[in-house]
1. Return the residues of region 146-172 that are modelled with pLDDT of 95 or more and touching a His at 6+ places or on another chain (Cβ under 7 Å); say none if nothing qualifies.
2. Restricting attention to region 88-124, which residues are among the small types (Gly, Ala, Ser) and outside any helix (DSSP H, G or I)?
3. Quick check on my filter: what residues within region 125-183 are aromatic (Phe, Trp, Tyr) and not in a loop (DSSP other than H, G, I, E, B)?
4. Mind telling me which of the residues 197, 184, 175, 179 ends up being touching a Phe, Trp or Tyr at 6+ places or on another chain (Cβ under 6 Å), farther than 27 Å from residue 13 by Cα and either surrounded by 13 or more Cβ atoms within 10 Å (Cβ to Cβ) or modelled with pLDDT under 85 (or both)?
5. I'd like to verify a number: residues in region 157-172 that are farther than 21 Å from residue 140 by Cα and loosely packed, with under 14 Cβ neighbours inside 10 Å, how many?
6. Any residue that is touching a helix residue (DSSP H, G or I) at 6+ places or on another chain (Cβ under 9 Å), surrounded by 12 or more Cβ atoms within 10 Å (Cβ to Cβ), of a type outside the set (Ser, Thr, Tyr) and at pLDDT 90 or above - is there at least one of those in region 112-131?
7. So which residues in region 20-63 are closer than 15 Å to residue 89 by Cα and among the β-branched types (Val, Ile, Thr), if there are any at all?
Amino acid sequence: MAEVRPLVNVVRLRGYSIFRMLQLEEALLRTDDRNWLLLNEGTEKPAIVMGISGKPPTLLNIPLVRKVGIPVIKRFTGGGTVVVDKDTLFATLLMKQDDMPDVRPYPRDIMAFMEAFYQHVFAKPGAEAFRLRENDFVFGNRKFGGNAQSITKLRWLHHTSFLWDYQDQNMDLLRHPDRAPDYRKGRAHGDFLCKLREHFETKGKFDGYATLR
């Protein structure tokens, strides 16, 4: 018998406000019962997005944030802090637990599923090894994707911010976090992060964003 896959509604956006996208995600999680894949290529204006428990004094260079005037947004999920802009790619998968019986509704199980989900995207011959390290997507030991989740009684949501590119000066807006992944080993942002454009010639050739399935 052929495998029956769950129906997933796909929404593709471009330049959609990250604030409004987070509002949309939370509304779908709380008030809708369908499965969704939301893809957004860039956000209209730069912003800093923090996890729900993030504390600005420990994570942000507040004097510089105020000087630059960049908005700071707290999302409804956990995870770390990221500066997002037109070169950030966003992907959110929202699923009913009953439609994913092989994925237990726990953070590590969902993370493992998402790692497998993206293997066809990032496992390129001759490229640095793609994998999930702690809660990050990496090539080798350099991060290009940050993840966060929300799990309810009947559903779960997993969203990722992919760094197609970023402005080096924006990293000055962030402080080195007190709690960081072990594999970071105290590295500065520039040595810890990598850009997807270093691995794909154009966004159009970023197969994963064009062919997520």
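The values are calculated or read from the model by the stated rules, or taken from the named source; none is laboratory data. Computed from a predicted structure; not experimentally measured. Using ideal geometry, Cβ is built from the backbone for each residue, glycine included, and neighbour counts are taken over all protein chains shown.
1. Across region 146-172, the qualifying residues are 147, 148, 149.
2. Initial filter on region 88-124 (among the small types (Gly, Ala, Ser)): 91, 112, 116, 123.
Within region 88-124, 91, 123 qualify.
3. Initial filter on region 125-183 (aromatic (Phe, Trp, Tyr)): 130, 137, 139, 144, 156, 162, 164, 166, 183.
Listed by number, the residues that qualify are 130, 137, 139, 144, 156, 162, 183.
4. Numbers: 197 fails: farther than 27 Å from residue 13 by Cα; 175 fails: touching a Phe, Trp or Tyr at 6+ places or on another chain (Cβ under 6 Å); 179 fails: touching a Phe, Trp or Tyr at 6+ places or on another chain (Cβ under 6 Å).
Matching residue, one of 197, 184, 175, 179: 184.
5. 2
6. yes
7. Once the filter is applied, which keeps residues that are closer than 15 Å to residue 89 by Cα and among the β-branched types (Val, Ile, Thr), region 20-63 yields 43, 48, 49.
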